[in-house]
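Any read-out appearing in this document is the output of simple, stated calculations on the displayed coordinates, not a laboratory observation. Because the structure is predicted, anything quoted here is derived from the model rather than measured. FYI the Cβ positions are ideal-geometry reconstructions off the backbone, even for glycines, and counts take in every protein chain you see.
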Amino acid sequence: MINLVDIFKALADETRFKVLTLLLTHDLCVGALASRVGVSKAAISQHLQILRKAGLVTGEKRGYWTHYTVERSLLQEIAGILAETANRTISDEALCPRVSSRNTDILERREMNMCKGCCEHPEKLKGTPEECSEEQINKCHGDTKDHPCKEDKNK
């Protein structure tokens, strides 16, 4: 299992991203990378270490120098994960009834108790949803019109 957070952290640095981009076109050694990126060999070595730990590059000894290459299969796997994530659909259960355009019927929204399952800031509520003051509901949800907590209090 790949650790996406470590990979994204490794790619988040501009210099490391440049190094990765260069390595996609050529296998290069530390000296060649340093001169093309415009930083010291020591700095490139440190960046390469982070890229290696993330699994993005590998080194191969060629004579006196180590040439680095990109793990293209890992980049393709990451691209697949990102594409899958971007293509996920939102289930009806995940939608907030207050903002959902799918639940336009006010009566249907009133039946759903937003505070129990869809509160944006539950730490601002004190006690059970039925005990909420109008001010607490405003802080938590904004507009209190047609809010289930408010209706429960008025009954």
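Residues whose amide H comes within less than 5 Å of that of Leu28, counting only those at least five positions distant or on another chain, are Tyr68 (H built at 1.01 Å from N in the peptide plane).
Over the range 4-82, what is the relative contact order in whole percent, taking alpha-carbon pairs under 8 Å and six or more residues apart? Display every interim value, and only then the final one.
Numbers: 77 pairs, mean separation 25.0, N = 79.
Dividing the mean separation by the residue count of the range 4-82 yields 32 percent.
Shown here for the range 12-95: chymotrypsin sites (Phe, Trp or Tyr not before Pro) in loop regions (DSSP other than H, G, I, E, B) with at most 14 other Cβ atoms within 10 Å, namely Tyr64.
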